[in-house]
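The values are calculated or read from the model by the stated rules, or taken from the named source; none is laboratory data. It should be emphasised that the depicted structure is a prediction, and the values quoted were computed from it without experimental measurement. In this analysis, Cβ positions are derived from the backbone assuming ideal geometry, glycine residues included, and neighbour counts consider all displayed protein chains. The protein model used for the area step is the full one, side chains on, heavy atoms only, and it has no ligands, DNA or RNA in it. Shrake-Rupley method; radii C 1.70, N 1.55, O 1.52, S 1.80 Å.
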Amino acid sequence: MNGNEKLSARAYWAIGMMLFALFFGAGNLIFPAALGQHAGDNVGWALFGFVLTGVGLPLLGIVAMGYSSCKDVEELASRVHPIYGLIYTIALYLSIGPMFATPRTGTVAYEIAIKPFAEGLHMNMEPIFLAIFFGVSLWLSISPHKLVNRIGNILTPALLLVILLLIVKSFITPIGGYPLPQPAYGDAPTAVLQGFLDGYNTMDALASVVFAILVIDFVRLSGATNHEVITKTVMEVGAIAVGLLGIVYVFIANIGATSVERFGLFDTGAPVLSTSANYLFGDFGQIILAIIVLLACLSTSIGLITSCGTYFHKLTPKISYKLYVVIFSVAAFGLSMFGLKTIISAAIPVLMLLYPLTIVIILLALINDVFGGRRCIYAWTIGLTMISALMTGLETAGIAPDALEGLFTQYIPFQAAGMGWVSFAILGFIVGLIHKGLVSENK
């Protein structure tokens, strides 16, 4: 294809489906199901907020990377400072890779897809399953150039098919009506806000700036070389992926909302799905759910291992990509043995730090031309954002000084809700603009 031409329809489909599968982990099923249960007849308003963060932010992340012309996340983050770019990128990859997100894919797959069938056995099947799970992830991650074919053309259609079966059956055999919402979703404004916050749980905004690099590489391999064509294509492919995410969220949330009348409220979305699947399909329902979760978790695991292996190989070329893939797969297996609850608990403080920094760098990249790409804008905005984000991370970890925590909570808007970084980001941007007007153009 000529560098200025568009991709073929087949290439669009394959890359878009690959990206959807990379994003779509088990959490993307669990969280909208739980949201539906608690939102009740306000599920539509809650979904509006959820889609803004669970769909909108990942799309912005993909578009920002395509628009920035940066070869990777480190180059984008280095607009703040090269040292910051390196530290931030390593922390991001380790968080969505071997430390938290990748081990979680295996433990979630076991908890939902395998454990219900293994309860009658007199042996612990978890180590065996996790070894097989990460062994398969390793095998499928060894050759990254085959990723589009393996995921986009094979795993994703299978994943969508079993989700479609669940959705269609829920309309043929309605579970129940819509209950009254829980207090956090009591009226339209509060439902939208709570849904907005719930969308953070997917963590897809963090992964978007990483997965976008894979998409850009595949677009270039398909023949696109012109920057405008690449940016437009990445945006369109991203829209396909997050559009599918949004559609699935709507229907899964509806299943959650209509399940309360018959089954009552659950603590998480996992039993919502398993109970609903059993009701809709009988004994076969749990098998269908197991297939959905296994495919979703495996697809995400492959994408995370591949992305981490690619980045760290570029960082230290003396270590081969394949060796990194082996290292990260083994590390994910080892950490997954600590169990799902421990992994989630350990990840929360780190995510409370990284999420605001990621959102801000995405937004700055999108408006880069407005302020001429000046480093002082990036530095001031990220620097002040980090103050609040770091404080929130310390609070979540339970190690923040009491006096300082009380000061932040009392005087910083929305700090108690984990959104205090917004005020700091706005202040940092304003200070950066003032700095820009006072110093020479190269700073």
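Odds and ends about this structure:
- Selected residue (criterion: modelled with the lowest pLDDT) from residues of segment 224-249 that are open to solvent by 20 Å² or more (accessible area, probe 1.4 Å) and part of a loop (DSSP other than H, G, I, E, B): 225
- Scanning segment 167-202 for residues that are farther than 17 Å from residue 42 by Cα and either open to solvent by 60 Å² or more (accessible area, probe 1.4 Å) or in contact with a strand residue (DSSP E or B) (Cβ under 8 Å, 6 or more places away or on another chain) (or both) yields 168, 171, 172, 174, 201.
- Residues that are of a type outside the set (Asp, Glu), closer than 30 Å to residue 381 by Cα, within 15 Å of the chain's Cα centre (by Cα) and surrounded by fewer than 20 Cβ atoms within 10 Å (Cβ to Cβ) do occur in segment 85-97, at least one of them.
- Counting the residues of segment 367-380 that are closer than 17 Å to residue 73 by Cα and either part of a helix (DSSP H, G or I) or in contact with a His (Cβ under 9 Å, 6 or more places away or on another chain) (or both) gives 4.
- Every condition in (1) over 29 Å from the mean Cα position of the chain (by Cα); (2) modelled with pLDDT under 85; (3) of a type in the set (D, E, K, R) is met by residue 436 except one, and the failing one is (2).
- Hey, residue 55 modelled with pLDDT under 90 and of a type outside the set (D, E, K, R) or not: yes
- Subset of segment 360-383 that is open to solvent by 30 Å² or more (accessible area, probe 1.4 Å) and either of a type in the set (A, V, I, L, M) or free of Cβ contacts under 8 Å to residues at least 12 places away in the same chain (or both) - its residue that is nearest to residue 87 (Cα to Cα): 379
- Residue 299 satisfies every condition listed in (1) touching a Ser or Thr at 6+ places or on another chain (Cβ under 8 Å); (2) at pLDDT 90 or above except (2).
- Residue match in segment 358-366 (condition: polar (S, T, N, Q) and within 21 Å of residue 77 (Cα to Cα)): yes
- So residue 40, is it on the phi > 0 side of the Ramachandran plot, surrounded by fewer than 24 Cβ atoms within 10 Å (Cβ to Cβ) and of a type outside the set (Val, Ile, Thr): yes
- Of 390, 394, all but one fail to be open to solvent by less than 70 Å² (accessible area, probe 1.4 Å), touching a residue at least 24 places away in the same chain (Cβ under 8 Å), part of a helix (DSSP H, G or I) and not basic (Lys, Arg); the exception is 394.
- Counting the residues of segment 168-212 that are closer than 27 Å to residue 308 by Cα and assigned to a loop (DSSP other than H, G, I, E, B) gives 1.
- Lone unmet requirement of (1) in a helix (DSSP H, G or I); (2) surrounded by 15 or more Cβ atoms within 10 Å (Cβ to Cβ) for residue 403: (2)
- Those helices (runs of 4 or more DSSP H) lying entirely in segment 1-94 with at least 2 residues among the β-branched types (Val, Ile, Thr) and closer than 30 Å to residue 186 by Cα: 43-51
Each row is one residue, and each column tells you yes or no for (1) modelled with pLDDT under 90; (2) closer than 25 Å to residue 212 by Cα.
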position: 350; (1), (2): yes, yes
position: 359; (1), (2): no, yes
position: 370; (1), (2): no, yes
position: 374; (1), (2): no, yes
position: 377; (1), (2): no, yes
position: 391; (1), (2): no, no
position: 401; (1), (2): yes, no
position: 410; (1), (2): yes, no
position: 426; (1), (2): no, no
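- Residues (touching a residue at least 24 places away in the same chain (Cβ under 8 Å), open to solvent by 50 Å² or more (accessible area, probe 1.4 Å) and either of a type in the set (Asp, Glu) or farther than 20 Å from residue 307 by Cα (or both)) located in segment 98-123: 111, 116, 117
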